[in-house]
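Participant: Pasting a structure below so you can have a look.
The values are calculated or read from the model by the stated rules, or taken from the named source; none is laboratory data. Nothing here was measured: the structure is a model prediction, and the numbers come from that model. Don't worry about glycine lacking a Cβ; one is built from the backbone with ideal geometry, like all the others, and counts go over all protein chains shown. Calculation scope for accessible area: heavy atoms of the full protein, side chains included, ligands and nucleic acids excluded. Shrake-Rupley method; radii C 1.70, N 1.55, O 1.52, S 1.80 Å.
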Amino acid sequence: MMNPAMQRALQKARREQKQAEINKRLARYYRMNSILGNQWAIFFVIIGARKTGKSYAVADQFCRDEEKLGPENVKTYWLRISDTSAKALLVNKADKLIDPDLKRKYNLDLTTKGNVVYNKGKEFCTVLPLSSFGKMKGVGFYDKDFTGLYNIILDEFQLEVGERRTSFDILYNFIGMVENIARTTKNNIRVYLLGNTLQEASAILKAFDFIPESVGRFYLKRKRAVIDNLPITEEYKKDRAGSIADLLGGDKLSNFTNDLKKDLETVYKGRVWKPTQIIKFTKDEGRWFTVWDGNVIARYSGQTMPEERCICMRPYISGYYDREQREKVMEIYDVRGFRFRDLATQAYFTDELTLIRKQ
């Protein structure tokens, strides 16, 4: 009989072998079979370099769904962040929505009317920008009598390096758009989130309270999500060697290389002892942060502090507002004086400070 230490070592070896097998299957172009095997999941998050076939694999899957189940039993919504990027998928009879070989494979004949794409006259896919959610709050996408499969795809959900930040809350608009489409649907729904791995944590990914710190597959059963953070493989490197991106950009183009350059230096995994401050960005406790031991920031979880130890980052949010205190918080952040419990907390706090600075 094995002792506990040997059992743990064996379990670890099995996990590593399983992950190696997954990585091998994903060696060059992404395929959906493995991740969709997790039938308990609703969210399928796929993060990786450009040209690894993420969008292609999802497009292939929803074309297969429509062929197998019939267009009347599948509702597909392809979301983009901006109106410009959504329109780019619709121009010239949705020429850029589906790859040419998939059009041939599934014998597609696409046309468009407004935001809706049709195949041979039957509804095939709806393309929507998150930026227009405010105008669509009253639009009735949801059909209570529909019992088929929902496919919801958010493509390019991470902002590119140098891309102008949006003037709206991406996460809020995404949740609102999904609610508009599927309401309280809990089964027969797949939500695909596709993005490149960039230095900046995604506004969508942090909603899972988890941002990967390494490559691999991660199971968030409480959130009904599976995350694939794709590794760079030798096959990918060989394929990319000598390409235009390689010749002109090299390793500077992280969305082609998938190089993991997360800001891990300010992540603190050690033990914390005493809450020392609470930083409030709004009246909503979900947007409060607790400072532990003077400089370790975690999401607020019910700690209490005397009023003089609560820092309000805006006036009129049920507490004393001191502009100098607010500026001090931003100064400490700018000189990397804070540490964070995890990357998701870091991302949330950074976004809150960004919103403050826009005002």
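Participant: Within the set of pairs 6 or more residues apart or between chains, which connect a residue that is over 17 Å from residue 174 (Cβ atoms) and among the acidic types (Asp, Glu) inside segment 205-220 to a residue that is open to solvent by 20 Å² or more (accessible area, probe 1.4 Å) and assigned to a loop (DSSP other than H, G, I, E, B) with Cβ atoms less than 7 Å apart?
Facilitator: Going by the 7 Å Cβ cut-off, the qualifying pairs are 213/262.
Participant: Return yes when residue 314 is on the phi > 0 side of the Ramachandran plot, of a type in the set (Lys, Arg) and open to solvent by 30 Å² or more (accessible area, probe 1.4 Å) and no when it is not.
Facilitator: Details: on the phi > 0 side of the Ramachandran plot: no; of a type in the set (Lys, Arg): yes; open to solvent by 30 Å² or more (accessible area, probe 1.4 Å): yes.
Judged against the criteria, residue 314 is not a match.
Participant: Could you pull out every one of the strands (runs of 3 or more DSSP E) wholly within segment 42-137 that has 1 or more residues that are out of contact with any Lys or Arg (no Cβ under 7 Å at 6 or more places or on another chain) and under 30 Å from residue 206 (Cβ atoms)?
Facilitator: Working: elements: 43-47, 74-80, 110-113, 116-119, 122-129.
Of the strands (runs of 3 or more DSSP E) lying wholly inside segment 42-137, those with at least 1 residues that are out of contact with any Lys or Arg (no Cβ under 7 Å at 6 or more places or on another chain) and under 30 Å from residue 206 (Cβ atoms) span 43-47, 74-80, 122-129.
Participant: Restricting the first residue to segment 181-194 and requiring it to be without any contact (Cβ under 8 Å) to a residue 24 or more places away in the chain and under 13 Å from residue 153 (Cβ atoms), which pairs with a second residue that is surrounded by fewer than 20 Cβ atoms within 10 Å (Cβ to Cβ) and among the hydroxyl-bearing types (Ser, Thr, Tyr) meet a Cβ separation below 9 Å and a spacing of at least six or different chains?
Facilitator: none
Participant: Here is a list of conditions, (1) within 30 Å of residue 228 (Cα to Cα); (2) without any contact (Cβ under 8 Å) to a residue 24 or more places away in the chain, and residue 47 meets all of them except one; can you say which number that is?
Facilitator: Condition (2) is where residue 47 drops out.
Participant: Tell me which residues, restricted to segment 325-348, are among the basic types (Lys, Arg) and closer than 20 Å to residue 315 by Cβ. Lay out the reasoning, then the answer.
Facilitator: Let us first name the residues in segment 325-348 that are among the basic types (Lys, Arg), namely 326, 328, 336, 339, 341.
326, 328, listed by residue number.
Participant: Would you say residue 112 is over 20 Å from residue 57 (Cα atoms), modelled with pLDDT of 90 or more, among the β-branched types (Val, Ile, Thr) and surrounded by 14 or more Cβ atoms within 10 Å (Cβ to Cβ)?
Facilitator: Working: over 20 Å from residue 57 (Cα atoms): yes; modelled with pLDDT of 90 or more: yes; among the β-branched types (Val, Ile, Thr): yes; surrounded by 14 or more Cβ atoms within 10 Å (Cβ to Cβ): yes.
Considered against the rule, which asks whether it is over 20 Å from residue 57 (Cα atoms), modelled with pLDDT of 90 or more, among the β-branched types (Val, Ile, Thr) and surrounded by 14 or more Cβ atoms within 10 Å (Cβ to Cβ), residue 112 comes out as yes.
Participant: While we're on this one: Hey, could you check segment 271-325 for residues that are out of contact with any helix residue (DSSP H, G or I) (no Cβ under 7 Å at 6 or more places or on another chain) and small (Gly, Ala, Ser) and say which is farthest from residue 344 (Cα to Cα)?
Facilitator: In this case the residue turns out to be 318.
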